[in-house]
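K.L.:
Structure provided below as structure tokens; questions to follow.
The values are calculated or read from the model by the stated rules, or taken from the named source; none is laboratory data. Note that the coordinates shown come from a computational prediction; the quantities given were computed from them, not determined experimentally. Just so you know, the surface numbers come from the protein's heavy atoms only, side chains and all, with ligands and any DNA or RNA stripped out. Shrake-Rupley method; radii C 1.70, N 1.55, O 1.52, S 1.80 Å.
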Amino acid sequence: MAYRRFVFFAFIALSLLLACVESISMVNEDSILSSNKRASLCCKDHPEFGVCTNNTKCNKRCLRGCKNRKGGFCKRKVCHCYC
């Protein structure tokens, strides 16, 4: 009887530990709670980067900030990251 309780509580503790590890990894990636919002740059215009006059700078920002690593270009003086 005591052995079954031990196994049950060990299973519960392990499940909780794995759930915590999984939630931490989700926060570290591209979740809403994360400060790392790489996925949010893809397929969008980014006027917050300022007036876009240099494709190289825009491309670098999109490469660093977009998960698909395709880069970006100046589109009507606004930086646009590829999809």
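K.L.:
Quick one: order Leu16, Leu41 from most to least accessible surface, probe 1.4 Å. Could you put the intermediate results ahead of the total?
P.N.:
Working: Leu16 110, Leu41 30 Å².
Final ranking, largest accessible area leading: Leu16, Leu41.
K.L.:
What's the extension gain from Ala13 to Leu63 if we count 0.36 nm per residue and subtract their Cα-Cα distance?
P.N.:
Numbers: separation 50, 0.36 × 50 = 18.00 nm, distance 4.07 nm.
Computed gain between Ala13 and Leu63 is 13.9 nm.
K.L.:
Going from most exposed to least, what order do His46, His80 have by accessible area with a 1.4 Å probe? Show your work: numbers first, answer last.
P.N.:
Values: His46 5, His80 30 Å².
So, going from the largest accessible area down, we get His80, His46.
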